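J.: Below are the structure tokens for one structure; questions will follow.
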Amino acid sequence: QVSVLYFARSAELAGLRSETLSVPRQLTARQLWDEIVRVHPRLAVIRDQVVFAVQQEYVLLGDQLLVLQPGDEVAIIPPISGG
Amino acid sequence: MDESEDVPKDFIKLKSEKLSVDEVSELVISPSCGAVSLFIGTTRNNFEGKKVIHLEYEAYISMAETEIKKICRNVRQKWPSVKHIAVHHRLGVVPVTEASVIIAVSSPHRAESLEAVMYCINTLKASVPIWKKEIYEDEYSWKENKECFWASSEK
């Protein structure tokens with residue numbers, strides 16, 4: 001069970017800012033995205049623009065294998081615009 | 001003045017209240033420094049012909065603070081003479097002409113602090129999880145920094 005955080009456009013599309021999701025302990029970043037889109041299909045439109053932050057480290061939506069612990073924080077990160 | 005208290009410090013703050021240039025510059029002033037360099041990012045009133053009413057900022061606060069700390073560490077590696085660094089970023093609604101971000105750096109001589117300030121704002125725009133929504137008269141738009149390394153290059 002991981003904590004998923006949504007920001008900016010992804011929060012608007014998902015309709016919420018955070019939730020707990022049950023996901024496999026090991027999966028690729030791409031697979032994690034698929035799990036999340038299963039719950040929030042409207043997020044599919046931003047697939048090419050977002051990255052993850054897993055335990056506050058950026059992860060591209062690719063084949064990198066993630067090893068998740070219960071309570072880990074996963075954030076959907078749309079293109080940033082600080083400053 | 002107690003010289004031993006003048007250890008290099010990073011002052012990082014994300015807040016929804018109005019930012020103060022006086023407050024941020026005073027944080028970095030140091031008896032051993034002859035230079036304080038400053039960057040202020042302010043809200044423009046227009047984008048591509050549209051009138052901007054105000055900006056709204058949100059942040060992944062814990063990670064933004066961590067990423068800004070990384071920027072400060074990198075600054076000190078590249079410019080070891082830099083003394084204090086302050087980065088204040090506003091969250092929530094920022095009206096036109098008000099400051100969204102203020103960065104101040106002090107160093108003994110001016111070259112390092114000037115270069116460090118530029119590095120800070122450029123790197124902040126590329127790596128810190130903060131988002132800006134531009135509110136126009138009848139619509140809004142989530143902005144994307146061109147520095148963002150994963151954003152699509154074509155719009």
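The values are calculated or read from the model by the stated rules, or taken from the named source; none is laboratory data. A quick note: this is a predicted structure, and the numbers were derived from the prediction, not measured. A quick note on method: Cβ atoms are made from the backbone with ideal geometry, for glycine too, and the neighbour counts reach across all protein chains shown. Areas reflect the complete protein model, heavy atoms only, side chains present, ligands, DNA and RNA absent. Shrake-Rupley method; radii C 1.70, N 1.55, O 1.52, S 1.80 Å.
J.: Identify, please: which residue in segment A:5-39 is part of a loop (DSSP other than H, G, I, E, B) and facing chain B (nearest Cβ under 10 Å) and is, among those, farthest from B:Pro129 (Cα to Cα)?
T.: A:Arg17
J.: How many residues does segment A:62-80 contain that are buried (at least 20 other Cβ atoms within 10 Å of the Cβ) and touching a residue at least 24 places away in the same chain (Cβ under 8 Å)?
T.: Summing the residues that are buried (at least 20 other Cβ atoms within 10 Å of the Cβ) and touching a residue at least 24 places away in the same chain (Cβ under 8 Å) in segment A:62-80 gives 7.
J.: Take B:Ser81 and decide whether it is among the polar types (S, T, N, Q) and either in a strand (DSSP E or B) or under 25 Å from B:Glu147 (Cβ atoms) (or both). It would help to see each step written out before you state the result.
T.: On the way: among the polar types (S, T, N, Q): yes; either in a strand (DSSP E or B) or under 25 Å from B:Glu147 (Cβ atoms) (or both): no.
Spelling it out, it is not the case that B:Ser81 is among the polar types (S, T, N, Q) and either in a strand (DSSP E or B) or under 25 Å from B:Glu147 (Cβ atoms) (or both).
J.: Count, please, the residues in segment A:40-55 that happen to be within 12 Å of another protein chain (Cβ to nearest Cβ) and open to solvent by less than 40 Å² (accessible area, probe 1.4 Å).
T.: 6
J.: Taking B:Glu65 as the residue in question, decide whether it is of a type outside the set (A, V, I, L, M, F, W, C), surrounded by 15 or more Cβ atoms within 10 Å (Cβ to Cβ), away from chain A (no Cβ under 12 Å) and part of a helix (DSSP H, G or I).
T.: Working: of a type outside the set (A, V, I, L, M, F, W, C): yes; surrounded by 15 or more Cβ atoms within 10 Å (Cβ to Cβ): yes; away from chain A (no Cβ under 12 Å): no; part of a helix (DSSP H, G or I): yes.
Taking the combined requirement at face value, the residue does not satisfy it.
J.: Pick from segment B:68-101 the residues that are of a type in the set (Val, Ile, Thr) and touching a Lys or Arg at 6+ places or on another chain (Cβ under 9 Å): which of them is most open to solvent (accessible area, probe 1.4 Å)?
T.: Let us first name the residues in segment B:68-101 that are of a type in the set (Val, Ile, Thr), namely B:68, B:71, B:75, B:82, B:85, B:87, B:93-94, B:96-97, B:101.
Those left that are additionally touching a Lys or Arg at 6+ places or on another chain (Cβ under 9 Å): B:82, B:85, B:87, B:94, B:96-97, B:101.
Numbers: B:Val82: 5, B:Ile85: 0, B:Val87: 5, B:Val94: 0, B:Val96: 39, B:Thr97: 107, B:Val101: 0 Å².
Filtering segment B:68-101 for residues that are of a type in the set (Val, Ile, Thr) and touching a Lys or Arg at 6+ places or on another chain (Cβ under 9 Å), the one most open to solvent (accessible area, probe 1.4 Å) comes out as B:Thr97.
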